[in-house]
Each structure stands twice: as C-alpha cells, then as structure tokens.
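Nothing in this text is a laboratory measurement; each read-out follows from the coordinates by a stated rule. This structure is a prediction, so every number in the text was calculated from the model and none was measured. So basically every Cβ, Gly included, is an ideal-geometry build from the backbone, and we count neighbours across all protein chains shown.
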Amino acid sequence: MSNIDAFEEQLKDLGVPTGMDVERFKQKIIEKKNENSDTRFLKLPYGKTVIRILPPYNKNRIGQYSEEYLQHKMGDDYIVCSRKSGESIKKCPICMLATNFYNSQDKNENQISKMIYAHKRYYLNVVVKEYVDVDWEKSRMEEPKKEEWENKVFILDAPVSIVKIIEKFIIENGDVTNVLSGKDFVINKKNKTYDNGSVFVTYEESQFKTEPSYLANSPELIKAILSSQYDLEKILQDKRKNFNELTNFAMGHFNDIGNFRVSETLKQLISGEPVIHTKQYAGQQVNTTGNVKGTVTQTQTQNTSSSSNQQQGPQATELEDDLSFDEFTNEMEDEIDNL
Ligand SMILES: [Zn+2]
C-alpha cells in the first residue's frame, strides 16, 4: 500500500471524506436536469391549483385512478423504491437499511431510519382547470401561459396527505372523476410552521368543489384528454431503479456525507450477515401497540401467499410498511412533501 493509500484509509476511519466523486457529480447534474425538464409532471405553486382527476387510464382497472409507489428521500434526492408496496423489504437495499436502523439501539441510526424510510406516494392523471391566488415568486416558478396547460394531461405526484382527502371524499360523495358529473379538486399548497419553529409544506386545506362540472367543454376535447392519459404503471416502471443501482446510490450518498459506517452496515446487510433483528422488531411492536401487529407477524411466518386477507388487514409482507406508517406518517408526511 502506498503512503497516500494508507493516509486515505486513516482518514476514512476517522470519517473524513477526501474529495469528490466526479462521475457521480456529473450523473447527478444530468439527473437533476432531466427531472426539472420533465414537463409531464405537474409542478404545484403556492396557492390554489384547481385540477380535475381523470378516470382510470386503463379500462381494466375499475376504480383505480392512481398508481401507488414507495419513495425514498436521500439528501436532496427523491428515489423510487425498487420494491412495490406489499413486497418484501429484501427487494430494496434502502428499505433493508431503514428497517435495520429502526430496530437499532443507536439514536443516530434511528434518526437515519426516519429520514430514509419508504413513504407511499401516488401518481394521478390530472388536468389543470385554473390557478387561483398563486404566489409565483414564492414558488420560484414562472407563471405558465394558459395554452401550456389548458386541457393538457399532467401527472400529479401526490403525497399521502392529498390522497387521503381524495379518497375520503370519493367514499362519502361518489365518483369525482366522471367526465360529466365529477368535481374539481382545489389543491391548496401552503407553508405551515410547527411549534418547534420548523416550516413544512402542507396541503391540509385542499378540498373538492361542491358543484359538479364537465371535464372539458366539448365531447371532442374530452376524448382528446382521455386518450392522452399516461400509463402510470409504465412510467413508474421506467423510473424504478433496480437493487444494485439503489445500493450504489445509497453507498454514494452515505460516503458523500462522510458516513462510511452506514455504507458498511449496508454491505453487511446485503451480503446476508446477521444484522437484521426481525424478531425483536415484531416483539417491540406488540408490546407498544397491542396485539394487532403481532397477528400480522404470525401470518408472515405461516402464510405469505394468501391474498384473501387483503381486506381484513395488511398483507403479511406489508408489515414493515404499516409499522412505518403508524410511527412516522403523521409526523413525517408533510415534511417530505416537495411538490
Ligand atoms: Zn425501498
């Protein structure tokens, strides 16, 4: 080993980063650029964006107007999880890491777990009806010309908080996507200051209009809009990185911030070294939140292929997701909203 290598090793042990990874830097710039120029996605400004949610894009999917996915936030990056909701955490290295850290006795690791956990999000096909009381400057957006958005289909990348409002309304009031009798949805994006002084985005004042309306003013326009809906499942498939890509991404991220120990743990987890404490995990949950989750744990060991329990409760493999939600969703979901 040359002197400089030995020196670098020592610095690494001390958790000191020694420079920048230029290849990763280039890659990041390209990805950011692509993201910002992806005009398929609706960017929500501060204020009210009146949208219409389109009916299911695929005729075989009755009632399914949205596509659910899991997302990780790492630093400034938002990444589509490599597993689908309900699939085993072993399909995603970041989920493996988050679950492991969630069980850790180490406070820092608990903190990292909260930051990188997979959050549910949804893609929806929508059109914009109008913008009301929008602060474009605060939104750091240029006001788009009407011809750029009118009757154009966008993908709304929505957090749980928005989808909860939508689903509650559909259950109580019926189909909001009907092209003749549906209702427009007013997304109200605001900042909210919490007691501890931190400021987060909130959509809690979003609501449906009370009066129904047409999707568009002519049958031809309605036909044109419906035929230009996105295949949301396909778009998610294209965005979803595979296990190895996510591993490299996560290693890069933690090395970037000088947290080499996390990269090491991740390596151990992937190689199957015994760092997961699933038993302890399940046990803790039973103790703190009652026996509901204990029951799920049992189903996990006995029967992982049953689909009949879908309505009664979470599927066995969704255990980790549900735990994450009970623990984190209320407190975290506004925090990760970044539309
Ligand atoms: Zn994941």
What ranking do GLU68, GLU137 get, fewest neighbouring Cβ atoms within 10 angstrom at the top? GLU137, GLU68
Within-9-Å neighbourhood charge of ILE235 [Cβ basis; K, R +1; D, E -1]: -1
Distance in nm between ASN196 and LYS12 label points, each 7 Å along Cα→Cβ, equals 3.4
Just to verify a number: FRET efficiency for GLN64 and ASP5, C-beta to C-beta distance, R0 = 51 Å, to 0.05? 0.40
Extension gain, GLU205 back to ASN259 (0.36 nm per residue minus Cα-Cα distance, nm): 15.6 nm
Can you put ILE166, ILE4, ILE222 in order of Cβ neighbours within 10 angstrom, beginning with the fewest? ILE4, ILE222, ILE166
Checking rank on 147-159, 116-128, with mean other Cβ inside 10 Å and highest first, the result is 116-128, 147-159
Gained length - ILE29 relative to TYR214, 0.36 nm times residue gap less alpha-carbon distance: 62.4 nm
Centroid-to-centroid separation of the stretch 151-196 and the stretch 1-44 [C-alpha atoms, Å]: 36
What list of ³J(HN,Hα) values in whole Hz, one per residue of the stretch 204-219 in order, does the Karplus curve 6.51 cos²θ - 1.76 cosθ + 1.60 (θ = phi - 60°) give from phi, with Gly and Pro shown as x? 5, 8, 5, 7, 7, 6, 7, 8, x, 7, 6, 5, 8, 7, 9, x
